[in-house]
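Undergrad: Starting off with a structure, shown below.
Coordinate-derived values only; no laboratory data. Keep in mind it's a predicted model, so treat the numbers as computed, not measured. Here the Cβ positions follow ideal geometry from the backbone for every residue, glycine too, while neighbour counts run over all protein chains shown.
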Amino acid sequence: MVLEGTDHELLEGCRRGEPEALRELFESHKDKVYSIALRYSGDSAVAMDIAQDVFLKLFSAIHNFRGGANFDSWLYRIVVNSCLDQKRRTRRLIPLVDGLLDALQSPGASALDQVVRSELSSRLRSAVARLPAEQRIVIVLRYTQGLSYDEIAEILGCSTGTVASRLNRIHKTLGRRLGGDRV
């Protein structure tokens, strides 16, 4: 979506350093940025650090956004880079937050079903946490943010086919790690 009326005015206000425009931009995107950072890091304190880093980068680079591209994609790219920067700084694998398999849980499931799903969810989170950061971010964007292959490709600066290929490889890796071909 190319910027329209008020969005364009808001960004222009940010470029001029207007505090109200900066606040409004922050307020309208803080939850999305924090959510991605939390799902990537699995730690609320780390997610807050990542979100803070994102907004510092955003506000210092707002003059570079020309408005001809999708602002959300540009912002996602900053979030992805900040997540990967955080990974490079800490040099450790970070578990994915609970909820990746919430969709599997159905109402009225038996206690045994819930135990099996909980165990599968735990094993899947562990397998995802062992993925390289570049693969883990694809999983976060696709399955927790619900982005399309095209949107992910734009954010990561690659082709849609590359996103599909990466997801295919990730699914195969997760399937092997979980001991079956169902993932």
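Undergrad: Could you give the length gained on full extension between Lys32 and His63, defined as 0.36 nm per residue of separation minus the Cα-Cα distance, in nm?
TA: Gain in length upon complete extension: 9.0 nm.
Undergrad: What are the lysines whose alpha-carbon lies under 23 Å from the alpha-carbon of Lys57, with same-chain residues fewer than 8 places away excluded?
TA: Within the straight-line limit of under 23 Å, Lys57 reaches these lysines: Lys30, Lys32, Lys87.
Undergrad: Would you kindly state how much longer the chain becomes between Ala129 and Leu56 on full extension, computed as 0.36 nm times their sequence separation minus their alpha carbon distance, in nm to one decimal?
TA: So the extension gain works out to 23.6 nm.
Undergrad: Fewest to most neighbouring Cβ within 10 Å: what's the order for Leu174, Leu56?
TA: Numbers: Leu174 20, Leu56 12.
So the residues, fewest neighbours to most, are Leu56, Leu174.
Undergrad: Now a separate question. As an exercise, take the mean of 1/r over every pair of distinct alpha carbons in region 5-90, invert it, and state the Kirkwood radius in angstroms. Walk me through the numbers before you get to the answer.
TA: Details: mean 1/r = 0.0759 Å⁻¹.
Answer for region 5-90: a Kirkwood hydrodynamic radius of 13.2 Å.
Undergrad: By counting other Cβ atoms within 10 Å of each Cβ, how are Cys158, Cys83 ranked from fewest to most?
TA: Cys158, Cys83
Undergrad: Additional query: At most 11 other Cβ atoms within 10 Å and a DSSP loop assignment: could you name the trypsin sites (Lys or Arg not before Pro) in region 129-183 that fit?
TA: Numbers: sites: Arg130, Arg136, Arg142, Arg166, Arg169, Lys172, Arg176, Arg177, Arg182; in loops: Arg130, Arg182.
Hits after loop and neighbour filter: Arg182.
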